[in-house]
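Only one structure is covered here, and it is reproduced in the block below.
The values are calculated or read from the model by the stated rules, or taken from the named source; none is laboratory data. Note that this is a predicted model, so its numbers are computed, not measured. Positions of Cβ are backbone-derived with ideal geometry, glycine not excepted, and every protein chain shown enters the neighbour counts.
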Amino acid sequence: MSETLARLQAELGVTRHSDWLTVDQAMIDRFSDVTMDRQYIHVDPIRARETRFGGTIAHGFLILSLLAHLEQKIAEARCPDVQMGVNYGFDRIRFVAPVRAGSRIRAASTLASVREKSPGQFEQSLDIRVEVEGEEKPAIVARWITQYFI
């Protein structure tokens with residue numbers, strides 16, 4: 001067994017947290033521009049105030065896309081010799097609760113499985129929760145599969 005695989009197997013079941021990140025209206029607006037998803041619950045604070053959300057909320061796909069940023073330092077801590085990581089996909093994604101503009105989020109990442117596919121190439125599955133500061137329910141729960149190379 002390689003040293004890297006042994007180190008990663010010791011991380012199985014361990015949950016690590018990312019730093020907090022503020023999702024502000026400017027970020028939501030930029031994402032809306034790029035994706036051309038201009039639904040009012042994301043970009044019209046006055047109209048969105050009248051909804052059950054009480055204001056604008058981030059796109060679910062914005063929060064999902066932020067996982068790459070949120071997970072970066074966690075991955076470096078788990079396996080500092082990674083040269084490159086590649087998304088392989090998701091086994092499941094659930095958008096559980098909204099992220100209101102101005103909220104802070106972080107990833108809670110639990111290593112669920114890891115295997116060495118070939119020398120220097122690993123595949124891992126992560127159980128991810130995107131937590132919203134001050135909220136009981138997570139914004140997202142997902143099983144994320146990545147491959148990385150050392």
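Is segment 45-60 home to any residue that is in contact (Cβ under 8 Å) with a residue 24 or more places away in the chain, closer than 24 Å to residue 90 by Cβ, out of contact with any helix residue (DSSP H, G or I) (no Cβ under 8 Å at 6 or more places or on another chain) and not aromatic (Phe, Trp, Tyr)?
In the first step, residues of segment 45-60 are kept if they are in contact (Cβ under 8 Å) with a residue 24 or more places away in the chain; the result is 45, 53-60.
The next check asks that each one be closer than 24 Å to residue 90 by Cβ; those that pass are 57-60.
Then keep just the ones that are out of contact with any helix residue (DSSP H, G or I) (no Cβ under 8 Å at 6 or more places or on another chain); that gives 60.
Checking the rest, the ones that are also not aromatic (Phe, Trp, Tyr) come to 60.
Yes: one or more hits.
Condition test on residue 63, is it closer than 23 Å to residue 32 by Cβ and without any contact (Cβ under 8 Å) to a residue 60 or more places away in the chain?
No; evaluated as a whole, the condition is false for this residue.
For the subset of segment 96-145 comprising residues that are modelled with pLDDT of 95 or more and among the hydroxyl-bearing types (Ser, Thr, Tyr), which member is farthest from residue 22 (Cα to Cα)?
113
Conditions first: (1) in contact with a Lys or Arg (Cβ under 6 Å, 6 or more places away or on another chain); (2) surrounded by 16 or more Cβ atoms within 10 Å (Cβ to Cβ). Residue 148 passes all but one, so which condition is the exception?
Among (1) in contact with a Lys or Arg (Cβ under 6 Å, 6 or more places away or on another chain); (2) surrounded by 16 or more Cβ atoms within 10 Å (Cβ to Cβ), residue 148 violates only (1).
I need the full set of residues from segment 119-150 which are closer than 16 Å to residue 81 by Cα and among the small types (Gly, Ala, Ser), in order please.
Passing the criteria: only 120.
Residue 30 - would you say it is of a type in the set (Lys, Arg) and touching a residue at least 40 places away in the same chain (Cβ under 8 Å)?
In short, no.
Give the residue that is modelled with the lowest pLDDT, with candidates limited to residues of segment 1-23 that are in contact with a Gly (Cβ under 9 Å, 6 or more places away or on another chain) and surrounded by 15 or more Cβ atoms within 10 Å (Cβ to Cβ). Working first, answer last.
Kept after step one, since they are in contact with a Gly (Cβ under 9 Å, 6 or more places away or on another chain), are these residues of segment 1-23: 2, 4, 22-23.
If we keep only those that are surrounded by 15 or more Cβ atoms within 10 Å (Cβ to Cβ) too, we end up with 4, 23.
Numbers: 4: 79, 23: 98.
Among those that are in contact with a Gly (Cβ under 9 Å, 6 or more places away or on another chain) and surrounded by 15 or more Cβ atoms within 10 Å (Cβ to Cβ), it is 4.
Show the residue pairs that are 6+ apart or on different chains and have beta-carbon atoms under 8 Å apart, the first residue being within segment 139-150 and assigned to a strand (DSSP E or B), the second being hydroxyl-bearing (Ser, Thr, Tyr).
143/125; 144/125; 145/88; 145/125; 146/88; 147/88
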